[in-house]
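Participant: Before I ask anything, here is the structure I am working with.
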Amino acid sequence: MPRLGLTTTSVVRQGAELADEIGFAQVSVTTLARRLGIKTASLYAHVRGNDDLRLRITMLALEEMADRADRDLAGRAGLEALVALGEVYRGYAAEHPGRYDASRFPMDAQSAAASAGPRHAALSRAVLRGYDLDEAHQVHAVRLLGSTFHGFVSLELAGGFAHSRPPSQESWTAILASLDLILTNWSDA
């Protein structure tokens, strides 16, 4: 019987908060039960195990990021939209490092299709509408944006730029401007 007041939603949210504190890779049913002050077995009324808990945290993170992108991209186009989308990823990672890490957790095809992942692709394509790319090139451009955003943010979160100059914000601004230039001048080459 589920513990009074404990729901699957609250368990997943607590797991996401734990991921932000200790790192997504460290989250397990056992560590979450310890945090909640309950027996591990009590959580099995809400999640099937570690993989299910992690998958649900992933789904939550993708949904939160897509909601933020929907809000922040509204009414923007071109470079302004590109910067807004990049800032969604970077800002979310800074605020929720464990959840951000969860957003890259591998999923099976069915889970991926049910997640907010397709919304992320649609949001990237919405940004690309301001760049006159045909359908075939949009696939490559979506992958370019994702690779660039995730690569930079992952290195930044890991402290990869902490001791280098200029500050990472200058690099981020230059990278976004360069992406804009690439997208504006995209070719088959």
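Participant: Across the stretch 12-50, what is the number of residues that are touching a residue at least 60 places away in the same chain (Cβ under 8 Å), crowded, with 18+ Cβ neighbours inside 10 Å, assigned to a helix (DSSP H, G or I) and aliphatic (A, V, I, L, M)?
Facilitator: Within the stretch 12-50, residues that are touching a residue at least 60 places away in the same chain (Cβ under 8 Å), crowded, with 18+ Cβ neighbours inside 10 Å, assigned to a helix (DSSP H, G or I) and aliphatic (A, V, I, L, M) number 3.
Participant: Restricting to the stretch 59-75, and then to whatever is among the small types (Gly, Ala, Ser) and part of a helix (DSSP H, G or I), can you tell me which residue is surrounded by the fewest Cβ atoms within 10 Å (Cβ to Cβ)?
Facilitator: Filtering the stretch 59-75 for residues that are among the small types (Gly, Ala, Ser) and part of a helix (DSSP H, G or I), the one surrounded by the fewest Cβ atoms within 10 Å (Cβ to Cβ) comes out as ALA66.
Participant: Can you find a residue in the stretch 76-98 that is at pLDDT 95 or above, touching a Ser or Thr at 6+ places or on another chain (Cβ under 6 Å) and not in a loop (DSSP other than H, G, I, E, B)?
Facilitator: No.
Participant: Related question: Among the residues of the stretch 51-58, are any surrounded by fewer than 18 Cβ atoms within 10 Å (Cβ to Cβ) and free of Cβ contacts under 8 Å to residues at least 12 places away in the same chain?
Facilitator: Checking the stretch 51-58: at least one residue is surrounded by fewer than 18 Cβ atoms within 10 Å (Cβ to Cβ) and free of Cβ contacts under 8 Å to residues at least 12 places away in the same chain.
Participant: Of all residues being out of contact with any helix residue (DSSP H, G or I) (no Cβ under 6 Å at 6 or more places or on another chain) and of a type in the set (Val, Ile, Thr) in the stretch 12-52, which is nearest to PRO97 (Cα to Cα)? Just the residue, please.
Facilitator: Among those residues, the one meeting the criterion is ILE22.
Participant: Hey, could you check the stretch 87-136 for residues that are closer than 17 Å to LEU73 by Cβ and without any contact (Cβ under 8 Å) to a residue 12 or more places away in the chain and say which is nearest to the chain's Cα centre (by Cα)?
Facilitator: PRO118
Participant: To continue, here is another question. Just checking, how many residues over the stretch 137-167 are polar (S, T, N, Q) and surrounded by fewer than 17 Cβ atoms within 10 Å (Cβ to Cβ)?
Facilitator: Total meeting the criteria: 3.
The values are calculated or read from the model by the stated rules, or taken from the named source; none is laboratory data. Treat the numbers as computed from the prediction; the structure is a model and nothing was measured. A quick note on method: Cβ atoms are made from the backbone with ideal geometry, for glycine too, and the neighbour counts reach across all protein chains shown.
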